[in-house]
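Participant: Could you have a look at this structure, given as structure tokens, before my questions?
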Amino acid sequence: MTAGRQMTSLYCLTVRFMRVRMMFRCGAVIYGEFQDYEKGDNMKTLILSRSEVQKCITAKDVLEKVEYVFREWGEGNIVQPAKINLDMSRSGYSSWCNAMPAYLVSSNAAGIKWIGGFGENVKTGGAYIQGAIILTDTKTGQTLAVMDGSLITNLRTGASAAVASKYMARKDLRKITIIGAGEQGRNCLRCFDLVYKNLTAFVVDISEEHRKTFIDEMSKEVSAVLVDSPKAENAVRESDVIVLVTTAKKPFVKEDWISPGALVLAMGSFQQVEDNFALSADKIIVDSWAQASHRGELKQLVEDSKISESDISTELGNVVAGNKEGRKSDTERILTVLVGLGAHDICIGHHIYRKAKEMNLGCYAAL
Ligand SMILES: NC(=O)c1ccc[n+]([C@@H]2O[C@H](COP(=O)([O-])OP(=O)(O)OC[C@H]3O[C@@H](n4cnc5c(N)ncnc54)[C@H](O)[C@@H]3O)[C@@H](O)[C@H]2O)c1
């Protein structure tokens, strides 16, 4: 081959490579290169970024969907195997991921969320929770959509706390404590603010900077009065609801700080309240026993045989569906453990998929 022909071939290859790369980078609809995908609409996969997901949903929508899924759970209309955890800490990073499949019978929505916690991000100002949601057509198996999963997780986690509170807290609740001034804390506060008026929220975090930034930012968004609370004990003692959303790996909330009538919403991935509280609470409610028995607040207690299924009053879905009693008196101390239902993510993801199609958002790709 002459030097000239070699240059031409190299040029053609480079141009072709750049075209394909541009298509991927621009998120273009990849037709020409993959003819098979022109066969039918159902062969395309919708790709949605975080900002596109955000355009398709409001906190109010999420609250409604979360309550609906709890009710469907209580009525037996959800298929959801317990999440599987992948520990990646042998990489030298404190990273983990959960696989969370779910199928909602009534809305015929199926898929999986692949989500995890990545402590390294936090050191550089990034988000701890990262992941994606994949939706599957129940008839053909086609991958309908792949979308950002972190925003949906954050929104539905906040909404789960507020819905749990609606069913399990005292009706006259005025004071809440949010321990963990991070992403989940922000979304919990947003949702409480939608559900309750005249709230005072004590903001607790080991990081003074996180507390201050949280209060600065959130006071512009919510009507609740926010109180900077360096001491968890004082805040917890005064509160009707205590929301635990920290990344702490060891219990730090004491049992005797929790007043009669209080509801503790334990939502972190590890235990945050000392054993005595779970052992003395009037009721323990979980979102899913299959999951709560091996993840979050109760995991260690179950492993140590201090708590078993017979100690659990019921799953929250049964209370929301009206099949089981929630709070019986204003003095009960209730522990509610919400480790997160994949069914919430799939329900919200499915709603977003339909909205995005209506709004012409996102781009299609061949997988
Ligand atoms: N239950 C669910 O459905 C669900 C969903 C998403 C995340 N999570 C879990 O919620 C927790 C918080 O996640 P995030 O995304 O808000 O993380 P984040 O990093 O945004 O915020 C965590 C906050 O906790 C604070 N913190 C850590 N240890 C503390 C301690 N001992 N006392 C007080 N504050 C402490 C940190 O300073 C930080 O501000 C994690 O454990 C995460 O895995 C649960």
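Each value in this text was obtained by applying a stated rule to the coordinates, not by laboratory testing. The model shown is predicted, which means the values in this text are computed figures rather than measured ones. Reconstructed Cβ throughout: ideal geometry from the backbone, glycine too, with neighbour counts over all protein chains shown.
Participant: Could you pull out every one of the lysines with an alpha carbon less than 25 Å from that of Lys283, ignoring same-chain neighbours closer than 8 positions?
Facilitator: Lys83, Lys166, Lys171, Lys175, Lys249, Lys250, Lys254, Lys299, Lys306, Lys324, Lys328
Participant: Stretch Asn323-Thr140 to full length: gain in nm at 0.36 nm per residue minus the Cα-Cα span?
Facilitator: 62.4 nm
Participant: How far is it, in nm, from the label point at Asp216 to the one at Asn198 when both lie 7 Å from their Cα along the line to the Cβ?
Facilitator: Result for the modelled spin labels: 3.2 nm.
Participant: Here is a follow-up. Per DSSP H run of n ≥ 4, the term is -39500 (n - 2.57); total these for the chain, divide by its residue number, and report the mean residue ellipticity at 222 nm rounded to 500 deg cm²/dmol.
Facilitator: It lands at -11500 deg cm²/dmol.
Participant: Tell me the angle of helix 59-74 to the major Cα principal axis of the chain, expressed in degrees between 0 and 90 and rounded to the nearest ten.
Facilitator: For 59-74 against the chain, the angle is about 70 degrees.
Participant: May I pose another question? Relative contact order for the range 160-341: what percent, with Cα pairs under 8 Å and sequence separation of 6 or more?
Facilitator: It rounds to 23 percent for the range 160-341.
Participant: Same structure again: If the elastic network links every pair of Cα atoms under 10 Å, which of Thr213, Thr138, Thr124 fluctuates the most in the Gaussian network model of the chain?
Facilitator: Sorting by GNM fluctuation, first place goes to Thr124.
Participant: So which residue, out of Met147, Met43, Met168, gets the largest mean-square fluctuation from a GNM of the chain using Cα contacts under 10 Å as springs?
Facilitator: Top of the fluctuation ranking is Met43.
Participant: If I take every Cα pair under 8 Å that is 6 or more residues apart in the chain, average their sequence separation and divide by the length, what percent do I get for the relative contact order?
Facilitator: Relative contact order of the chain: 21 percent.
Participant: Relative to the present Cα-Cα distance, how much length would full extension add between Asp256 and Gln300 at 0.36 nm per residue of separation?
Facilitator: Between Asp256 and Gln300, full extension yields 13.8 nm more.
Participant: Give the cross-link partners of Lys357 among the lysines, using a straight C-alpha distance below 27 Å as the criterion and excluding same-chain residues fewer than 8 apart.
Facilitator: Lys39, Lys44, Lys55, Lys60, Lys65, Lys113, Lys139
Participant: On to the next question. If you add up the charges near Leu199, with Lys and Arg at +1 and Asp and Glu at -1, over every other residue whose beta carbon is less than 9 angstrom from its beta carbon, what do you get?
Facilitator: Around Leu199, the surrounding residues sum to +2.
Participant: What's the center-to-center distance, using Cα atoms, between the range 278-314 and the range 148-185 in Å?
Facilitator: 20 Å
Participant: Based on C-alpha coordinates, I'd like the Rg and Dmax of the range 160-341, in Å.
Facilitator: Answer for the range 160-341, Rg first and Dmax second: 15.1, 46 Å.
Participant: How much length is gained on full extension from Asp311 to Thr331, taking 0.36 nm per residue of separation minus their Cα-Cα distance?
Facilitator: 5.3 nm
Participant: Then there's this: For the range 40-147, which semi-axes, largest first and in whole Å, follow from the square roots of 5 times the eigenvalues of its Cα gyration tensor?
Facilitator: They are 26, 18, 17 Å, listed from largest to smallest.
Participant: Sticking with this structure for a sec: Mind giving me the nanometre distance, one decimal, between the label points for Lys55 and Leu279, set 7 Å out from Cα along Cα→Cβ?
Facilitator: Between Lys55 and Leu279, the label points sit 5.5 nm apart.
Participant: Given 10 Å bins starting at zero, what is the percent of C-alpha pairs of the chain in each, up to the one with the largest pair distance?
Facilitator: Here the calculated profile for the chain is 5, 23, 31, 22, 10, 5, 3, 1, 0, 0.
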